[in-house]
1. Within the accessible area of the protein assembly as shown, what % is carbon and sulfur when the probe is 1.4 Å and the other protein chains stay in place?
2. Could you state the number of Å between the C-alpha centres of the range A:129-176 and the range A:410-448?
3. Setting aside same-chain residues fewer than 8 positions from A:LYS258, which lysines have a Cα under 19 Å from its Cα?
4. Could you work out how far apart the two model spin labels at A:GLN32 and B:GLU331 are, taking each label as a point 7 Å from the Cα in the direction of the beta carbon, and quote it in nm?
5. Which value in deg cm²/dmol, rounded to the nearest 500, describes the helix-derived mean residue ellipticity at 222 nm for the protein assembly as shown, given -39,500 (n - 2.57) per DSSP H run of n ≥ 4 and division by the residue count?
6. If you fit an axis through the alpha-carbon atoms of helix A:471-480 and take the longest principal axis of the Cα set of chain A, what angle between them do you get, 0 to 90°, nearest 10?
7. Mind listing the phi-derived Karplus ³J(HN,Hα) values for the range A:529-534, rounded to whole Hz, using 6.51, -1.76 and 1.60 with θ = phi - 60°, and x for any glycine or proline?
8. Test of the criteria: in the range A:320-362, which chymotrypsin sites (Phe, Trp or Tyr not before Pro) are in a DSSP loop and have at most 14 other Cβ atoms within 10 angstrom of their Cβ?
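The values are calculated or read from the model by the stated rules, or taken from the named source; none is laboratory data. This is a predicted model, so every value here is computed, not measured. Cβ placement follows ideal geometry from the backbone for every residue including glycine, while neighbour counts extend to all protein chains displayed. Accessible surface is based on the protein model in full, side chains and every heavy atom, while ligands, DNA and RNA are left aside. Shrake-Rupley method; radii C 1.70, N 1.55, O 1.52, S 1.80 Å.
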Amino acid sequence: MLSSKSIINHRIIKEALRIRKVEEKFLELFSQGKLNGTVHTCVGQEFSAVAFAGQLKKMDFIFSNHRCHGHYMAFTGDVRGLLAELLGKASGTCGGIGSSQHLCHNNFFSNGIQGGIVPVAAGYALGNKLKKNGAIGVVFIGDGTLGEGALYETMNIISRWEIPLLIVCENNFYAQSTPQHINLAGDILSRAKAFGIRTGQGETSSPEELMHKAQQAIDYVRGETKPCFFLVETYRLNAHSKGDDDRDPAEVASYAEKDFLNIFRNESPAYYQMYKEVVDQEVDSLVEEILLEEELSPERYHQHEEHHTGNAWTPLETINKRQVELLNAFFKEKIAADEKMVFLGEDVLSPYGGAFKVAKELSFLRPERVFSTPISEAALTGISNGLALNGFKPFAEIMFGDFMTLAFDQIVNHASKFHHMFNKKVNCPVVIRTPMGGRRGYGPTHSQTLDKFLVGIDNVKTVALNTLLDPGRIYQSIYNEQHPVVVIENKTDYGKKIAQQQLKNFVYEHNEDPFPVVRIRPAVSAPTLTIVAYGGMADMVAGMLEQVFAEADHKPELIVPSLISHLPVDLVAASASRTGNLLVVEEGSGFAGIGSELIAAVTEIVPHKIHTRRVTALPVPIPSVKSLENIVLPDKSRILDEIKASFQ
Amino acid sequence: MGLLQEIQVPLLAVNDTSLTVVEINFTSGSQVKKGDIVMVFETSKTTYDVEAASDGYIQYLCEADHDYEVNTVVARVYSEAGETAAPPVHRPAINGVAAAPVVKAGPASVWEGETLFSREATRLMTEAGVAPSLFTGRDFVTAKDVRDLLQPASGIQAPKGEPAVTRAGNAPNRLPLPADPQKVIVGKLSSAKKREIEYLGDIQSTGLTSTINTFVETNGIFTHINRSLKHLKDALLPVILYESARLLADYPLLNAYFTGDAIAHYKEVNPGFAIDIDKGLKVLKIARAGQLTIPAIEEEILRLSGSYLDDTLDIDDLTDITFTITDLSSEGVAFFRPLVNKMNSSILGISAIDARLQRCTLSLTFDHRVTEGKLAAQFLKELKDRLESYRAVDTQAALRGVTCFKCLKTLGEDLSGVGFARCITPEGKDGYICQSCLKGF
Ligand SMILES: Cc1ncc(C[n+]2csc(CCOP(=O)(O)OP(=O)(O)O)c2C)c(N)n1
C-alpha cells in the first residue's frame, strides 16, 4: 500500500493525472462522436511515460507506437497540440493529418506500424552518435510487438554497433485482444540478453522506484553509448482502443485496485481533488476552445502540381568510363568530403566493396561512415530512414532488387509517409539503391525487375539509371532531393561505358531536367515511331535503332526517362501524337506496369487515336537457363517482331 | 557564312508581352565582338542586357524607346559586313498585335550526311528503278518516302498551323490634357513612371478600392520581437511579413487578383515589400514567406535591399508577388492610403509608431471586385491580434520559487494551511519542505 512506501514526488503524480485526464477526455469525446478514427489510451500505464519520456532531455528523442499519447505529453508537454490533433483541427500538432497514432513534435515521432519504428529509432540514435552530441533516444513497444522481425534485426545491430537507444517494452500482457500466453514463447528479457544488451525491469505500480530505475537506464545509455532494453510491467485499465474489451472484468478490477493513481485518490483525497480540478479545468477549457477551431483546408494538405518536361536539348556526352566506375567515383567524392553522407548495405566494406563493387574503397576512405549491415533489409532501410530524419543523407544499398520486398514496409509506411502524416514538419531524404534486371543467369530470386511495385509510392521518387547519361549527374540530383528516392541500377549496365555508340543519322540529346530525359531522334526527318525505354532496356533499344529503321521501315524516336515515377507524359504525348505510334519497352512483366501507366496517361491527352504496344517480360519468374531467360525477357528479335506486327 | 545570331524579344516575365528597347549601343552595320552588350530591354521590373553571341556585324531592326512584342526579331548579327545592308526596321507592335511567328529555315535541306534506306524502301526503288541520288539531303528514306516521290499527291499532310495568339487590347488611352508651353514646362515621363502608372492604374482606375485602418498597440512589442532580429531591431516589417504570410493562407481572396471576368487565386503566398531609396519604387519578393522564420525573413529583406541598391536584383525577385506590404514607418506618417498593385487584390500599409500613444496604424487597401470590407477587416483584426500577442506580459511571479524540495509541490498548491518549512536539504542547500513530506502521507 501507498502509505507504507516512502514519499512520492507530487510533480509526477500531477503529470500522470494530466495524462489520465486527457485520455479519459478522448474516450468521452469519442462517445460523443466528436472524435474521428480511433484512440488507444494508456490509462493505467501513465507512469511508464512519466518515467522514461518525462526524464529525457530536450535534445533526446522518442519514437512511439499507437499507444503514444502519454509518451507525447510527458516528453513535449504539448497537451493542446495533442487535443487539437485528435479533434482534427489545423492547429493540431500534425494538422489533424496524423491523429492519435501519428504524432510529431520537436524530437517526438510516433507511427502505427508495430515494430517498424524500432529500426528508424536506431537510425536516429546512430545519427546522434555520429554527431557526438550526447543525445539518446527511447523507443516504446508493446509486448505484442515482440512478434515482429524488424525488432530482432535491430536489436542485433544496436548491440553490435553500440547505438545509444533505450527500448522500453510496455508489458500489459495483452496484444489487442490476445492474452500474452497465446502468442509469446520463451522469456522476454532473455531475448535482449541473447543479443548482449543490458536489461532493466520495473513496474508502474511503484512509480518512485520506476522513476529511479528509468533514470539509471537513461544514464547508462547516455554514459556508455550503449543500448538498453527495459521491461515495464503494467496494465491498461481501459479497452485496447474504444469498446473492444473481452477481458475478465474481475481481472481488470483487481488491477484497478492496484493502480497507483487510484490508491492516491483514496489515501490523499484532498490533494487528489485539488490536482484533478486543475487538470480538469485546464483540459476541459482547452477542448471547448479547440472545438470551435477550423480544420486544415485541403489546399494546405495537397496541391496538384503540373509536371512539364524540359524542352531545351543538349547533345549527349560520351564518357569513356564504365558506369560502375562513375558511380564509385561519385560516392568516393561524397563520402570523403560530405558531412551528411552515410553509406550502408550488406557486404559493402572494402576490399569487397559490395556485390557489384559500387562501394569499392569507400570504407577505406572513411570507415566511420560506411556501415556493413547484417543481412537485414528491413532494419538497414529503417536505420537509413532514421538517419535521414536526423539530417543525414543515407545511401542504403539493397544487394539485389528482388530483396526490395523485405524493405517495402520501411519505404511505404515510413519513408513515404513521414512528411505528409507529420503535416510537412519533417523530411526523410533517404536514398535506397538497388540493382535489378536479368541476363546474368542468376535465376528467379536475383533477376527480376520490380520497378512497377515502386513507382506508385506517394512522395517517393523512383529513378532508373541508364547507359546514356552520366550516373554522377543523376546522383547529384538525387543527392539534392529532400524526399525519399529509390534508385534502380541495372546489373548488365554496370560494366558499360556511357553513350558510346552514336549513329551519324540520329541526334543524341538530353534535356536539362534534374533527372534528364534522353531523346534519340532522326537527324532531320520527322520520326514515325515513338519508342520509350528506360533502365537496362534503354541500352538495348538504343543499340537497335538502325535495325528498327531498316527492317521495320520506321524512323524511330527513342525517349528514355530516368525519373520513372513521374514519366515525361507531355513529351511522349507530343511525340506520339505526331508519329501516331507508341511502343513502350520494359524489363518487368507487363500487367499494371510502367508501360500501362504511360500509355494510359498519353492516350488521356492525345485527342486522336494512336497505335500503342507494350513489350515486356513474360509473367513468370525469370529462369536461370540462358535460352529460356532470353525468351522471358524482351530481346532484340522480339522487340523487332512486335514493331513489325503492331506498327504497319 | 551568313547569319550568326538572331535577337528576339525575350519573354522575361509572364505579364510582359512586350518590352521596351531602352538602349541601342551600336549603329547598324558596326562590327561587334562576342560578349558586347548590343542592346538593353526594359521590362516592367528591371532591365535586361543582350550580348553578341559571336564576333560579327550587327543589323538593328528596331528603334530605341519603342515597345516590341515578345519573339519579334529586333536585331541580327552577320559574319560579313555587307550582309547588314538595308535593314527593314520593324514597325513597333504595341498593345497586343501579334508579331508574325519567326519561321526557322526547314532543316530538310541541310543534311549532308549519308542517306539510309530501309529494306522495304530499297526493294521499292529497285522495282521502280528509282536512283538513290534522288534522295540526297535526306537522313532516312522509308517505303513511304519512296511512294510519296512516285505519287506526290498521296499522303501529303497539310501543315498544322498554330493559330495566332491575340490579346484583347487595353482600354483606349485617354486624351492627354493640354500643356501650354508658355505656362508650363513639360518634362518627359520616365519609363519607370509610366510603368508605375500602368501598375497602379490597373486597379485603382476602376475606383473600386477601399481602405480600412486599424491600430496596433505597440507597448512592449519589441521585447520579444527584437530577440529574433539581428539588424532590423525595432522594425515591424519582418514580423508583419511573417504573420501576414501565415494569415494569408486563410484569406485566399487577399492573395489573388481580378482578371477581368474572374478571380485568380495564387497557389503560393509570396508577399513583397515596397522599397524606394534613390533607385525607384520597386516591390521585392519574399518567396514563400509563410515557410520562413522571422530571422530568415529578416535575412531576405536585407539580401533583397542589398541587391536593390547594387542593381543586382534577379527578375525572380520582382515577379509573382501575390500581396504587397508598404512600410512608411520611417517617414513619420500617421496613416496613409496605399495603392493596390497590378495583379494583386490588396496591399498593407505600415505607418510610423506614435511614440506617445504607443501605437501604429495598419492600413489595408483592397480591390472590391475581389473581396469586401468584412473580410478585409477580419484579416486586419486577426493580424493586429497576432502582432499584439508579441507584447510582453508581466506574469505575476508571486509565489514562484517556493517549492517543496521533495515533492516539488509549490506553496500555491499547499492545502495544509500551515505553509512550508524552511529547511536544509540532504545536499546541504537551503530549501523548503511541505507538511506532508515532513510527516509522510
Ligand atoms: C504491423 C502491424 N500489425 C498489426 C497492427 C494492428 N495492431 C495495432 S495495436 C496491436 C496490438 C499491439 O499490442 P502491443 O504491442 O502489446 O501494444 P499494446 O496495444 O498492448 O499497447 C495490433 C495488432 C499494427 N498496427 N501494425
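1. The nonpolar share, carbon plus sulfur, comes to 52 percent.
2. 23
3. Result set, ordered by chain and number: A:LYS5, A:LYS14, A:LYS21.
4. The modelled label-to-label distance comes out at 5.3 nm.
5. Mean residue ellipticity at 222 nm (helix-derived): -9500 deg cm²/dmol.
6. 30
7. Running phi through 6.51 cos²θ - 1.76 cosθ + 1.60 with θ = phi - 60° gives 9, 9, 10, 10, 9, 8 Hz.
8. Those that pass, being in a loop and sparsely packed, are A:TYR352.
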